[in-house]
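Structure record follows, encoded as structure tokens.
The values are calculated or read from the model by the stated rules, or taken from the named source; none is laboratory data. Since this is a predicted model, take the numbers as computed values, not measurements. Glycine gets a Cβ as well: all are built from the backbone with ideal geometry, and neighbour counts include every protein chain shown. Note: areas computed on protein heavy atoms with side chains; ligands, DNA, RNA excluded. Shrake-Rupley method; radii C 1.70, N 1.55, O 1.52, S 1.80 Å.
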Amino acid sequence: MEKKIEWWKNAIVYQIYPLSFKDSNHDGIGDLNGINSKLDYIKNLGIDVIWLSPVYQSPMDDNGYDISDYKRINPIFGTMEDMENLVSNIHKNGMKIIMDLVVNHTSDEHQWFIEAKKSKDNPYRDYYIWRDQPNQIQSVFSGPAWTYNEATKQYYFHLFSNKQPDLNWHNPKLRLEIYQMINEWLDKGIDGFRLDVIDLIGKDIDSMSLSDGPYLNQYLQEMHDHCFKNRDILTVGEMPGLSIKRASEITNQKNPLLSMIFQFSHISLDEIPGQGKWALKKLDLVEFKNVFNKLQQTLFEKGWNSLFLTNHDQPRAVSRFGNLSFRKKSSKMLATVLYGMQGTPYVFQGEEIGMTGVQFELSQYKDIETLNMYRDHLQKGYKHDDIMTSIYAKGRDNSRTPLQWDDTQNAGFSDVQPWIDINPNYKELNAKKDLAEKDSIYNYFKELFTIRKKYRIFDQGTFELIYPSHHELFIYLRKTKNEAILVIGSFSENRIEIDLSEYSQYQCLITNETPIDLKQTVIPPYYCAIYYKKEDYHANH
Ligand code: GLC
Ligand code: CA
């Protein structure tokens, strides 16, 4: 008898960035009722879980990742009633919903901080991190991680913008307040959380141990015991600074602190090591394959993995890892290679139609990280053109332009000028057009997800790279006792000859072209396919 697995292991998750999904009330800003009007589009893709980026009350310094009230909905997105209505409709459609949980920091406009900054003996003072003298830690959004507070003559700590003061997790009273808030949302019926930069909550500022700090396990365990333990929910921790080995420990099958985490090794390979994301380096496919191999091997039967290439912080996958001259083929290829692995698939809005990144004028960018970096680099002597090259490659607004629904004005996202410009390619690239085409990316994703759910090998099979040192082909073999799949993805615009004849009895399950014959293999540009074989169990036993 096969053992029953947790529902979230073969669920498909779709991330919505609410600002840019669909505007329903003519203000150019996506909102909850907009999402509600498009549930069919999501459901029909084969999605099981919707993850909403933050919709809480916020001054939007970092687009909602700066929360000023965890218990309120930001009026630009709608009301609490709209939220409850959305949750109930998602459930009625047989899907689940997880929310974003941002508890490493709040907004400086949160009531706790407004109190805390008043005086050193304010009851909320210790909810945040204060020092007489700053140390050298720099903000992720450029400049020092410390801002001086005149009234109390101390500095407060903020790893992100100065409007995002970090919470002091060492304070047990604060921790209990957070757990209570988490439980209130779970009691409302949501199905879990994506936990924003949660690897930072165990930090020790004075020893400069930030990510995966000394208290991480302790606080996660406590949060787990207070909030997650007796609930059947999905928790996914965003942990940019966590090693693969630690990812496996935190999600270990015996005592998982979280269902899964977002681990970042595979998406930091196109930067110069130690110099940060803006220092561009060409991706080496062998390195890319090695990282996935390590993730797959390390977590196999120990922890659980999440499968993603894009989100609201990462540039569009097809622009970054694919090839825009083969946009449709390479979008499908990336999805096939990624979602053929073990782990829970994540789709970022627009990925299912192969949306691409943008090359805007500086004045069109909105993202605080991009704008701060631009100023900082200019001051340090970088040239405008070089900075722009980095922004085109890595800027977060690449994935934050509105979803392109159709070819009408503003891409059917809104009937007024949106908060951020639409990608100018929307007339050629939009959901309506994609769905009408024979080689639709959306329909390919849908078919891929159907296949993933049909064969248990996708959540159970082993993983082995085939031709591991090939620089243009990503090929792997997965096996269970009586099934095997061969997944092939080409990252090349050339035809490549390779010997795969030993797999010639495998049947093609899905491909982005006519299936090729594995007896005499020439792999076409950006080809992808999954081949399947069922062992004759009785013949071998
Ligand atoms: C996470 C979010 C990102 C945000 C940062 C600070 O990385 O995904 O959008 O800017 O945390 O909250
Ligand atoms: Ca709106």
Residue tally, condition within 16 Å of ligand 1 (Cβ to nearest atom) and either over 17 Å from ILE42 (Cα atoms) or among the β-branched types (Val, Ile, Thr) (or both), over the stretch 5-18
2
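Being crowded, with 22+ Cβ neighbours inside 10 Å and either hydroxyl-bearing (Ser, Thr, Tyr) or farther than 29 Å from ILE12 by Cα (or both) narrows it down to one of THR356, THR298, THR389, so name that one. Can you show your working first?
Values: THR298 fails: crowded, with 22+ Cβ neighbours inside 10 Å; THR389 fails: crowded, with 22+ Cβ neighbours inside 10 Å.
Checking each option against the conditions leaves just THR356.
Does LYS43 satisfy being outside any strand (DSSP E or B) and within 21 Å of the chain's Cα centre (by Cα)? Spell out how you get there, then give the answer.
On the way: outside any strand (DSSP E or B): yes; within 21 Å of the chain's Cα centre (by Cα): yes.
The answer is yes for LYS43.
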Just to be sure before I move on: is LEU269 farther than 22 Å from GLN460 by Cα, part of a loop (DSSP other than H, G, I, E, B), open to solvent by less than 50 Å² (accessible area, probe 1.4 Å) and at pLDDT 95 or above in the structure I sent?
yes
Selection from the stretch 216-254 of residues under 27 Å from LEU309 (Cα atoms), touching a Gly at 6+ places or on another chain (Cβ under 8 Å) and of a type in the set (S, T, N, Q) yields ASN217, THR235, SER248, THR251, ASN252, GLN253
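Considering only the stretch 287-318, how many residues are of a type in the set (Asp, Glu) and either closer than 24 Å to GLU464 by Cα or not assigned by TED's automatic domain parsing to the domain that holds SER53 (or both)? Spell out how you get there, then give the answer.
Kept after step one, since they are of a type in the set (Asp, Glu), are these residues of the stretch 287-318: 287, 301, 313.
Pick out the ones that are also either closer than 24 Å to GLU464 by Cα or not assigned by TED's automatic domain parsing to the domain that holds SER53 (or both) and you get 287, 301.
Total meeting the criteria: 2.
Out of the residues in the stretch 410-437 meeting the condition of being more than 16 Å from ligand 2 (Cβ to nearest atom) and more than 25 Å from the chain's Cα centre (by Cα), tell me which one is least open to solvent (accessible area, probe 1.4 Å). Before you say what the answer is, go through the steps one by one.
Going through the stretch 410-437, the residues more than 16 Å from ligand 2 (Cβ to nearest atom) turn out to be 421, 423-437.
Filter again for more than 25 Å from the chain's Cα centre (by Cα), leaving 427-428, 433, 436-437.
Values: LYS427: 109, GLU428: 124, LYS433: 75, ALA436: 88, GLU437: 60 Å².
Once the filter is applied, the top-ranked residue is GLU437.
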In this structure, does ILE261 turn out to be in the same structural domain as ASN305 (by TED's automatic domain parsing), of a type in the set (A, V, I, L, M, F, W, C) and surrounded by 23 or more Cβ atoms within 10 Å (Cβ to Cβ)?
yes
Hey, could you check the stretch 20-40 for residues that are in a helix (DSSP H, G or I) and open to solvent by 10 Å² or more (accessible area, probe 1.4 Å) and say which is nearest to ligand 2 (Cβ to nearest atom)?
ASN33
Take GLN364 and tell me if it is under 23 Å from TYR17 (Cβ atoms) and over 21 Å from the mean Cα position of the chain (by Cα).
yes
With respect to ILE50, is the statement that it is farther than 19 Å from PRO402 by Cβ and either in contact with a helix residue (DSSP H, G or I) (Cβ under 7 Å, 6 or more places away or on another chain) or among the hydroxyl-bearing types (Ser, Thr, Tyr) (or both) true?
no
When residues of the stretch 70-104 are limited to those that are in contact with a Pro (Cβ under 7 Å, 6 or more places away or on another chain) and within 21 Å of PRO165 (Cα to Cα), the one surrounded by the most Cβ atoms within 10 Å (Cβ to Cβ)
VAL102
